[in-house]
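Right, one structure below, let's go through it.
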Amino acid sequence: MTHPTLSARRERWLLLTIAGIQFTHILDFMIMMPLGPQFTRLFAISDAQFGLLVSAYTVSAGVSGLAAATYVDRFDRKRLLLALYALFALATLACGLATDYGFLMAARVAAGMFGGVLSALSQTIVADVVPFERRGRAMGIVMSSFSFSTVAGVPMGLYLANHLGWQAAFFAIAAVSALLAVGAALTLPRLDHHLRVADRPSAFRGIALVLSERNHLEAFGFSALLMFAGFLVIPFITIYMQTNVGLTDAQIPMLYLVGGLATLFTARLFGRLSDRLGKVRTFSMLAVAVNLPLMATTLLPSAPLPVVLVVSTLLFVFLSGRMIPGMALITSAAQPALRGTFMVLNAAVQSAAMGLAAFLGGLIISRDAAGLVQHYWVSGLVGALASLASIWVARRLVLHGAAAGRPG
C-alpha cells in the first residue's frame, strides 16, 4: 500500500518539509546533551541525574508511542502531524520556562510525549509515499536534518545559551517550530490513502497483528540495538570532553559544527549507496566502521582540538550514517497495511532503548577525586558489541517492496 505517486517536485517539497520537522525534533533532544555541564552546575545535580533527565524524554516518547499505536492509522497523517507538532512546540516552550529541575523534568516528559510520535509519523509518511528503490535517497534527505541540526542548530543553540541563558535555546526551537508548522500546513498534500483501504483492522487488532509477526519483532530488536549502541556514549560526550580531554565551553560547539558539516555531505552519499549497493550491505559496512571512533572517543586522553575534531567527526559521520540504511530497512520490514502502527511501536522501542542506554551510561561512568570521568570506555565497548549484533539481525529481516532476487 502506497499513496498515489507524487511528481518529483512535490515529492522533494514533502521530503524537505518532513526534514524541517525532524530538524526541530532532533535539535530539541540534542541540545540537552551539550548543555549537560550547565545543568549539572545550575541545578546541582549528578551525572546520573542528568542521564535521567535525558532518558525521561525518550522513555516518555516510548510510552506515548505505545498509546499512539491505537490511533495513528485512524487519522489523516497530515492533520495528525500538524496537531502533534503544535503540542510539541508548546512543550518545548515550557522547557524554556522551567525554573527548577522538577519543572524541567516535567517539561521534557511532555516534549517527549509528542516528539517521539512525530518522528515515527514522519518516517511513516516517507515510507508511504516513496517507493522502496528510492527510499535510501529519501531517508538520506530526511536524515540530513540530523546533520543540519548539528551544523546550525546546536552551535546556534549553544551561542544563545552562552549569551542569553540556556532558556533562549528552547524559545528559539519553539519559534522555528511554529514557522515550520505553517509551512507544513501549506505544502503537505492530503495523506489519507490508508483510510480508504477496505477491511482495515481495528486499532487493537492492528497492534496484535504487528506483534504477532516474527519479522516485525526482529525489526524491533534491530531498532533497539541501533539506538542502544549510540546512546550509551552520546549523552556524556560533552561532559567527558570538558573534564577529561580539556575542551572549554567555547570549543564544544566546534565538535557539532565540524561533525555536522561532514555529515551534511555524507548523509546524501550514504543514502545513494544504500540504493545502489543494497541497504543491508551498506548498513553492515557502516556498523563495523562506527566502532573505531566509538572506542576512540571513550578512551581519548587530553589532546589538542584538531585531534579531538577528527575523532568526534568520524563518530558523527558513522553514527548518523548507519541510521540511513538502518531506517530504510526498518520501514521496509513493516507490512505496508500496518506501517503506521508498526512505526509508532518502533518509536516506542527506540525511545525505550535510548532511555535505557542513557540511564545505564550514567550508572557506568563515575568521577574520581579530581573530578575526571571514569569507565567511559566500558560504555563504548558495550555500544560496539551492540553495533556488531545489529548486523546479524539486519541480515535476517524480510523487506517488503524489495525486488525479487535483489539484495535489500
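Around T282, what is the net charge, scoring Lys/Arg as +1 and Asp/Glu as -1 over all other residues with Cβ under 11 Å from its Cβ?
On the way: positive: R272, R276, K279, R281, R322; negative: D275.
Counting the neighbours of T282, the net charge comes to +4.
Can you give the accessible area per residue of the chain, in Å², using a 1.4 Å probe?
38 Å²
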TODO: With a 1.4 Å probe and every protein chain kept in, tell me what percent of the accessible surface of the chain is carbon plus sulfur.
DONE: 70 percent
- [ ] Could you state the angle between the C-alpha long axis of helix 132-148 and the longest principal axis of the C-alpha atoms of the chain, as a value from 0 to 90 degrees rounded to the nearest 10?
- [x] 30 degrees
Task: Candidates P301, P37, P293: whichever shows maximal mean-square fluctuation once the chain is modelled as a Gaussian network with Cα springs under 10 Å - done: P301
- [ ] Please list W166, W392, W13 in order of solvent-accessible area, largest first, computed with a 1.4 Å probe with all protein chains present.
- [x] W392, W13, W166
- [ ] Provide the FRET efficiency to the nearest 0.05 for the A83-D368 pair, computing r from the beta carbons and using R0 = 35 Å.
- [x] 0.10
Task: Three-way shape call for segment 299-373 based on the alpha-carbon gyration tensor, with the a/c threshold at 1.5 - done: oblate
Open item on the list: Solvent-accessible area of L225, probe 1.4 Å, all protein chains present, reported in Å² to the nearest ten, please.
Closed with: 40 Å²
Task: Inter-label distance for L269 and Q49, nm, one decimal - labels placed 7 Å from Cα along Cα-to-Cβ - done: 4.4 nm
Open item on the list: Let me make sure I get this right: for segment 246-396, a, b and c are the square roots of the gyration tensor eigenvalues over alpha carbons, sorted descending. Under 1.5 in a/c it's rounded, otherwise prolate if a/b > b/c, else oblate. Which is it?
Closed with: prolate
Open item on the list: Taking the full set of protein chains and a 1.4 angstrom probe, give the accessible area of L314 in square angstrom, rounded to the nearest 10.
Closed with: 80 Å²
- [ ] Quick one: order F359, F265 from most to least accessible surface, probe 1.4 Å.
- [x] F265, F359
Open item on the list: Using only Cα atoms and rounding to the nearest 10 degrees, what angle (0 to 90) does helix 305-333 make with the longest principal axis of the chain?
Closed with: 20 degrees
Task: the chain: C-alpha gyration tensor shape, a/c 1.5 cut-off, then a/b vs b/c - done: prolate
TODO: With a point put 7 Å past each Cα toward its Cβ, work out how far A289 is from A178 in nm, to one decimal.
DONE: 4.2 nm
Open item on the list: Please list, by residue number, everything in segment 7-40 whose backbone N is under 18 Å from a paramagnetic label point 7 Å out along Cα→Cβ of D76.
Closed with: 14, 18
TODO: Please determine, in degrees from 0 to 90 and to the nearest 10, the orientation of helix 167-187 with respect to the longest principal axis defined by the Cα atoms of the chain, where the helix direction is its Cα long axis.
DONE: 20 degrees
Open item on the list: Can you sort H216, H400, H25 by solvent-accessible area, 1.4 Å probe, largest first?
Closed with: H400, H25, H216
Task: Extension gain, D249 back to A185 (0.36 nm per residue minus Cα-Cα distance, nm) - done: 19.2 nm
TODO: Report the net charge of residues surrounding T243, where surrounding means a beta-carbon distance below 12 angstrom and charges are Lys +1, Arg +1, Asp -1, Glu -1.
DONE: -1
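The values are calculated or read from the model by the stated rules, or taken from the named source; none is laboratory data. Not measured: the values here are computed from a predicted model. Neighbour counts are summed over all protein chains in view; Cβ atoms, including those assigned to glycine, are modelled from backbone coordinates with ideal geometry. All accessible areas refer to the heavy atoms of the entire protein, side chains included, with ligands and DNA or RNA removed. Shrake-Rupley method; radii C 1.70, N 1.55, O 1.52, S 1.80 Å.
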